[in-house]
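Heads up, the thing below is written out as structure tokens.
The values are calculated or read from the model by the stated rules, or taken from the named source; none is laboratory data. Keep in mind that this is a model prediction, so the values were computed, not measured. Backbone-built Cβ (ideal geometry, glycine too); neighbour counts: all protein chains shown. All accessible areas refer to the heavy atoms of the entire protein, side chains included, with ligands and DNA or RNA removed. Shrake-Rupley method; radii C 1.70, N 1.55, O 1.52, S 1.80 Å.
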Amino acid sequence: MQYANLIWRNGQPYSEQFDDIYYSSDEEEVISGESEFAHVFFKHNGLPERWKNTNQFVIAELGFGSGLNCLLTIREWLKHLEYGDVDKCLHYIAIEKYPLSPDSIVQLISKYPELKQYCDELVSVYPPAVSGSHSRHLFDNRVVIHYKFMDAYDALKNDSYKVDAWYLDGFSPAKNSEMWSEELFKKIAQNSQRGTTCSTYTAAGYVKRNLLKANFHVKKVPGHGKKREMLIASFDGCVTTDRKYDDKPWFDLPVSPELRVKKATVIGAGIAGLSVAYSLVKRGWTVTVIDKHNDIAQEASANPAAIVYPRLSVNNDIDVEFYLAAYCYTLYVLQSLQSKSKEKFWFDDGLIQVMDEQRYTDLLEKFSFNNDFFTREDVVLCLNQKFETSNKVCVKYPSAGVVLPGPLCDAITHECGGKLQFAHAVVDEIKLYKGQWQCLTGDVPIDESDVLIIASGVDVNDFGIDLNLPVEQVRGQVVVLEKNIESSRINTAINSDVYITPAINNKHYLGATYSRDNTDVAVDKSDVKFLFKSLDKMHCRLFDDDSISDYWVGFRAMSKDRVAIVGGLPDQDFFKSEYADVNHGRKSKNYRAASHLKGLYISAAHGSRGFTNSFMCAEIIAAQIAGEPISVSKPVLDYLNPSRFIINDLKRG
């Protein structure tokens, strides 16, 4: 996708797609559009009064546009927090199929000095022009904006965000009828709860009828300015509890645990575990991380250098959706952490991937990536020789790069501060005791809390509890090479059969092998030969054995379907009883919603992609625990859900 073009007519900002105005400039107002916002959206959704007795509030806007309504809402929310509990969070779901660029938003808002501080923070972490979901934390995590750069119906069709208030601010029904359709309003109802309100500037009859069909109570009230009337609505509809086969009740999310205190335990001090700790600490939690090693970032996370880039497939849309969201979110987190760290760990010089030309063409046609995200490079510029076959191309991800895991994990630990503690211990058993999860070495308790997250490696089934997760280890080997005169030509990471990084602190990193059968922790000379041979296909004879300065050998955890395992862990006994007959595919039968081991979660089996997807997986878990809107769609959550394995076994009978 591309950012939308902003056009001006007689001093007024217009949308090129819909030939309609973003907001009317009014020289009599300090901020043009502010009085309309205050009357239509703020007042008629009962704000700010409804904020007083809640720790979080969810607003969804259909038609993010210039961001004006969002910025004005953020301003009022932060004012509200000045007079009460600051440990509260506003979640703002911004749905926009044709997002403006950050430069266009600045252009629109810059003439209003009062909004500058809010606009500056919003655009400083504004998402790239990539279709999908993007979450951004602002103002010390007191505001989270969940951008949905997609069609409004697609943004809502599979989810249940439990929105408290809707701003229906799409372009005129006469010019953008899809934004006001009966089908969309039914999805708005699906994402509402008892007491949800909505308001809109329009009083069009068919908008009112479509709201009524979606079980909203609708009223006409005086409009703003020259508009005589506008619509407001409230939702008291009942959401059906009947769960049929096609509803996939086995993938229902766990109920957020009732908490005594905001304290959690994490098993595993690698990137998966530290990412979970970081996400929880941002939400005001205290976290204890337990690891059998004396230091953080051991085992697979001890890889000296990891490449960060998305996994793209023409034939697996859900996988692409997940990896795009995870990749874009990881770039945002890495940039944020790097800006606060004295030690350099994130090298965003881009990454070139060698792929079949047909695959490149298919990906570009299917996903319409822009050149800032995904672009073809001249093969002569990125490789030392012609390809052995002519059907290969070089594709560059300009924002991708190389991360140094050790310094990154140190930066996460530093950012968590005193909210994060470590315990060096071997966890032999976990058990639920008096409503809390205990971690034990032998009979000796290490830690206990209401919430426990397993984020370890291949030992996820070794804690004395029936999880039955199909996880295996895959060996990887990396060679560290001294920089030389010829190798200085490598100025960006290149990934083909293997990857080579540019020189970082005068070292190149060449990796990584992939072996299920080899369990030896010693350096395998045949792997070294394989790495050099693969590199010679890209850069002929740049290195020899004398260039080697070090090696790394590690074991990644990977699931049998090569997809990470993320979310609440299922109650195996319940699943075997309630869903015993799913192999018969009885469409009309009512099922109970999934039951989970209360307070027990997992983020594991990230394979070779842990540094690309762990931050997003951590956000998924933290949002489930806190009962917040989740950064990815329900189909993605189902794709990652730990319950998929037991359900697949039951379906096979």
Which of the residues spanning region 157-183 are in contact (Cβ under 8 Å) with a residue 40 or more places away in the chain and assigned to a helix (DSSP H, G or I)?
MET179
Taking the conditions exactly as written (under 23 Å from PRO405 (Cβ atoms), open to solvent by 40 Å² or more (accessible area, probe 1.4 Å) and in contact (Cβ under 8 Å) with a residue 60 or more places away in the chain), does TYR509 satisfy them or not?
no
Some residue of region 522-537 being under 30 Å from SER595 (Cβ atoms), in contact (Cβ under 8 Å) with a residue 12 or more places away in the chain and touching a Lys or Arg at 6+ places or on another chain (Cβ under 9 Å):
no
Sort out which residues of region 343-380 are in contact with a Phe, Trp or Tyr (Cβ under 9 Å, 6 or more places away or on another chain) and free of Cβ contacts under 8 Å to residues at least 12 places away in the same chain, and write them in order of number.
LEU364
For region 425-525, list the strands (runs of 3 or more DSSP E) that sit wholly inside it and hold at least 2 residues that are on the phi < 0 side of the Ramachandran plot and at pLDDT 95 or above; which are they?
429-433, 436-441, 444-449, 451-454, 471-482, 507-511
Residue under question is LEU469, and the condition is that it be under 22 Å from GLY607 (Cα atoms) and open to solvent by less than 20 Å² (accessible area, probe 1.4 Å); does it hold?
yes
Mind listing whichever residues of region 139-155 are under 15 Å from GLU321 (Cα atoms), among the aliphatic types (A, V, I, L, M) and not in a loop (DSSP other than H, G, I, E, B)?
ALA155
When residues of region 293-337 are limited to those that are open to solvent by 40 Å² or more (accessible area, probe 1.4 Å) and of a type in the set (Asp, Glu), the one nearest to SER631 (Cα to Cα)
GLU321
I'm trying to understand the selection: among the residues of region 44-55, which are farther than 14 Å from LEU78 by Cα, open to solvent by 40 Å² or more (accessible area, probe 1.4 Å) and at pLDDT below 95?
ASN53
Qualifying residue in region 221-240 (condition: within 26 Å of ILE625 (Cα to Cα) and β-branched (Val, Ile, Thr)):
yes
Before we move on, is SER301 over 19 Å from the mean Cα position of the chain (by Cα), at pLDDT below 95 and under 19 Å from ALA129 (Cα atoms)?
no
Scan of region 548-580 for residues that are more than 30 Å from ASN590 (Cβ to Cβ), open to solvent by less than 30 Å² (accessible area, probe 1.4 Å) and not in a strand (DSSP E or B), ordered by number:
ALA564
Options ALA189, ALA204: the member that is open to solvent by less than 20 Å² (accessible area, probe 1.4 Å), touching a Phe, Trp or Tyr at 6+ places or on another chain (Cβ under 9 Å), among the aliphatic types (A, V, I, L, M) and without any contact (Cβ under 8 Å) to a residue 60 or more places away in the chain:
ALA189
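So that you can scan it fast, the table gives a plain yes or no per residue for (1) farther than 17 Å from ILE59 by Cα; (2) surrounded by fewer than 17 Cβ atoms within 10 Å (Cβ to Cβ); (3) of a type in the set (S, T, N, Q):
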residue	(1), (2), (3)
VAL86	yes, yes, no
CYS89	no, no, no
LYS97	yes, no, no
PRO102	yes, no, no
VAL106	yes, no, no
TYR112	yes, no, no
GLY132	yes, no, no
SER135	no, no, yes
ASP140	yes, yes, no
Filter region 440-456 down to residues that are in contact with a Lys or Arg (Cβ under 9 Å, 6 or more places away or on another chain), crowded, with 23+ Cβ neighbours inside 10 Å and under 26 Å from MET558 (Cα atoms), then give me how many there are.
2
Counting only residues in region 216-230 that are open to solvent by less than 100 Å² (accessible area, probe 1.4 Å) and without any contact (Cβ under 8 Å) to a residue 60 or more places away in the chain, the one farthest from ALA165 (Cα to Cα) is identified as LYS227
From the list ARG586, ARG541, ARG609, which residue is touching a helix residue (DSSP H, G or I) at 6+ places or on another chain (Cβ under 7 Å) and open to solvent by 20 Å² or more (accessible area, probe 1.4 Å)?
ARG586
Would you confirm whether or not region 270-285 contains a residue that is touching an Asp or Glu at 6+ places or on another chain (Cβ under 8 Å), farther than 15 Å from GLY417 by Cβ, modelled with pLDDT under 95 and not aliphatic (A, V, I, L, M)?
no
Can you tell me how many residues within region 295-334 are among the polar types (S, T, N, Q) and either in contact with a strand residue (DSSP E or B) (Cβ under 6 Å, 6 or more places away or on another chain) or within 18 Å of PHE615 (Cβ to Cβ) (or both)?
3
Taking region 100-152 on its own, how many of its residues are under 23 Å from the mean Cα position of the chain (by Cα) and touching a residue at least 60 places away in the same chain (Cβ under 8 Å)?
25
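A quick yes/no check of all residues on (1) open to solvent by 10 Å² or more (accessible area, probe 1.4 Å); (2) at positive phi; (3) assigned to a loop (DSSP other than H, G, I, E, B):
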{"position": "GLN17", "(1), (2), (3)": "yes, no, yes"}
{"position": "SER35", "(1), (2), (3)": "yes, no, no"}
{"position": "PHE42", "(1), (2), (3)": "yes, no, no"}
{"position": "PHE57", "(1), (2), (3)": "no, no, no"}
{"position": "LEU78", "(1), (2), (3)": "yes, no, no"}
For ALA593, the lone unmet condition from (1) in contact with a Lys or Arg (Cβ under 7 Å, 6 or more places away or on another chain); (2) buried (at least 19 other Cβ atoms within 10 Å of the Cβ); (3) under 30 Å from LYS262 (Cα atoms) is (2)
Being out of contact with any Pro (no Cβ under 6 Å at 6 or more places or on another chain) and open to solvent by less than 40 Å² (accessible area, probe 1.4 Å) is the filter here; which residues of region 152-168 pass it?
ALA152, ALA155, LEU156, ASP159, VAL163, ASP164, ALA165, TRP166, TYR167, LEU168
Restricting attention to region 421-434, the residues that are in contact with a Phe, Trp or Tyr (Cβ under 8 Å, 6 or more places away or on another chain) and open to solvent by less than 70 Å² (accessible area, probe 1.4 Å) number exactly 3
Under 6 Å between Cβ atoms, at least 6 apart or on separate chains: pull out the pairs that start in region 319-333 with a residue that is touching a residue at least 12 places away in the same chain (Cβ under 8 Å) and end on any residue that is among the charged types (D, E, K, R) and open to solvent by 10 Å² or more (accessible area, probe 1.4 Å).
TYR323/ARG311
Looking only at region 233-278, how many residues end up being open to solvent by 60 Å² or more (accessible area, probe 1.4 Å), closer than 30 Å to SER336 by Cβ and in contact (Cβ under 8 Å) with a residue 40 or more places away in the chain?
3
